[in-house]
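Asks: Questions regarding the structure given below will be posed in turn.
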Amino acid sequence: MYHRDPRRIIETRGIDALVEFCKRELADKAEDKRVDIKKAVITAAGKSQRTLPLQTLVDRDGQTKTALRILVEEVLAAGIDEICVVVCPGDQAAYAAAAAGSGGRLHFVEQTAPLGYGHGVFCAREFSDKQPFLLLVGDHLYVSGAKKRCAQQLVEIAAIENAAVSAVQATHESKLPLYGAVGGHLVASRKGLYEISQVIEKPTPTEAEQTLIVPGLRAGHYLCFFGLHVLTPTVMELLSEELSRAGGRAVSLSSALGKLAGRGRYLASELSGRRYDIGVKYGLLIAQVALALDGQDHDEVMSGLLELLARRELR
C-alpha cells in the first residue's frame, strides 16, 4: 500500500522514500497552481470599436483577412483553440463571417449594456469558467520582433512565472490619454519583466510623473498596456465587486487590475514586438504598413514606399 503519512513512510520505506515523496508533493502543488492557458477572450463591443475588427488588411502571408481573423490566428499560434468574442447585440453574424475558417473554435457572448471595458470582460465569465485566460482587445494588431508571436510570448511568460501578466510597451506621455499605464519595478535578473504596484487608466502626464515612474525608461515614457493580458480567475471576482459597487455606472478593467496587484503577484512584460492601434487616426494604415514590411512582400512594399517618398521630395 502507498502511504501518504510521513511517519509511516519512514517506518515502512525509510528516509530516502520520504524525500522522494516530498519532491512529488511539491511538484504536484506547483502543477496545480501553474497558469495553464487554454482559453482566450477578444473584446469587440465598445461603441467606437465594434466595426474595427471587421476591417480588412493584407496579412504577412499576402492574404486579405479581417483584423478579427488576424487576431484569431494570433491566438491559435499561442496554442489556444477556444476563443470567446464579446460583441454588441446583433453583431454575431458579421463577426462569425469575419472570422471565416475558425470552425467551432469561436464562441460569442453579447455585452447587452454599455457599462465599460471591465463589464465587457466580465461578460465572458461563464466562458472562462474560473480558469486563467488570454485577453485581447479587438482593435489592436501585433507584429512580433521574434520568431514567436506576441501572444505566444506572453502565454509562455505567464506559465513560467505562475502569475497574471500584462504586456506593456514604453509609450510617450503624449499618448497617455489612449491607454492604461502601470508603475512598478524590475524583477531581479529578468530583462523587461516588472512587478506591478499600481495601475491607472489613461493617466494625465502629471499623474504619471508622480506615481508611474519606472527606473530605466526614457524620460517622458511610461509603461502602457499593450492590449494583451494573461489574467487569473481573481480578475473576474474583482470585476464582480466593482460592478456591484458601480450601481449601473461604467467600470474599467484597470480598476480591477489595480486591485489585482494587491491580491497577489501581478507582472508586466515588455514583449519583443509592437502593438498597432487600428482605432486611432491613420492606425489602420500604419498597421497595414507594419504587416506588409514584416511579410513575404517586404521588398515590393519597401520599393513602393521609397518611390512614394522620392516623388514627395521632388515636389
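Asks: Among the residues of segment 131-153, write down those that are of a type in the set (A, V, I, L, M, F, W, C) and either assigned to a loop (DSSP other than H, G, I, E, B) or over 19 Å from M236 (Cα atoms) (or both). Quick ask: steps written out before the conclusion?
Replies: Let us first name the residues in segment 131-153 that are of a type in the set (A, V, I, L, M, F, W, C), namely 133-137, 141, 143, 146, 150-151.
Correct list: L141, V143, A146, C150, A151.
Asks: For segment 276-292, which residues satisfy the criterion of being in a helix (DSSP H, G or I), in contact (Cβ under 8 Å) with a residue 60 or more places away in the chain and of a type in the set (A, V, I, L, M, F, W, C)?
Replies: Residues satisfying the conditions are L284, A287, A290, L291, A292.
Asks: I need the full set of residues from segment 81-100 which are out of contact with any Lys or Arg (no Cβ under 6 Å at 6 or more places or on another chain), among the aliphatic types (A, V, I, L, M) and crowded, with 20+ Cβ neighbours inside 10 Å, in order please.
Replies: Across segment 81-100, the qualifying residues are V85, V86, V87, A98.
Asks: Now for a different question. Only one of S240, S244, S303, S255 is among the polar types (S, T, N, Q) and either closer than 24 Å to E173 by Cα or in contact with a His (Cβ under 6 Å, 6 or more places away or on another chain) (or both); which?
Replies: S255
Asks: Could I ask something else about it? Could you tell me whether any residue of segment 260-275 is under 21 Å from G183 (Cα atoms), in contact with a strand residue (DSSP E or B) (Cβ under 8 Å, 6 or more places away or on another chain) and assigned to a helix (DSSP H, G or I)? Outline the logic, then answer.
Replies: Step one: of segment 260-275, the residues under 21 Å from G183 (Cα atoms) are 260-275.
In the following step, the residues that additionally are in contact with a strand residue (DSSP E or B) (Cβ under 8 Å, 6 or more places away or on another chain) were identified as 260-261, 264-275.
From what is left, the residues that are assigned to a helix (DSSP H, G or I) are 260-261.
Yes - at least one qualifying residue is present in segment 260-275.
Asks: Within the group G62, G14, G79, which residue is closer than 25 Å to A124 by Cα and at pLDDT 65 or above? Reasoning before the result, please.
Replies: Values: G62 fails: closer than 25 Å to A124 by Cα; G14 fails: closer than 25 Å to A124 by Cα.
Testing whether each residue is closer than 25 Å to A124 by Cα and at pLDDT 65 or above leaves just G79.
The values are calculated or read from the model by the stated rules, or taken from the named source; none is laboratory data. Everything numeric in this text was worked out from a predicted model, so none of it was measured. So basically every Cβ, Gly included, is an ideal-geometry build from the backbone, and we count neighbours across all protein chains shown.
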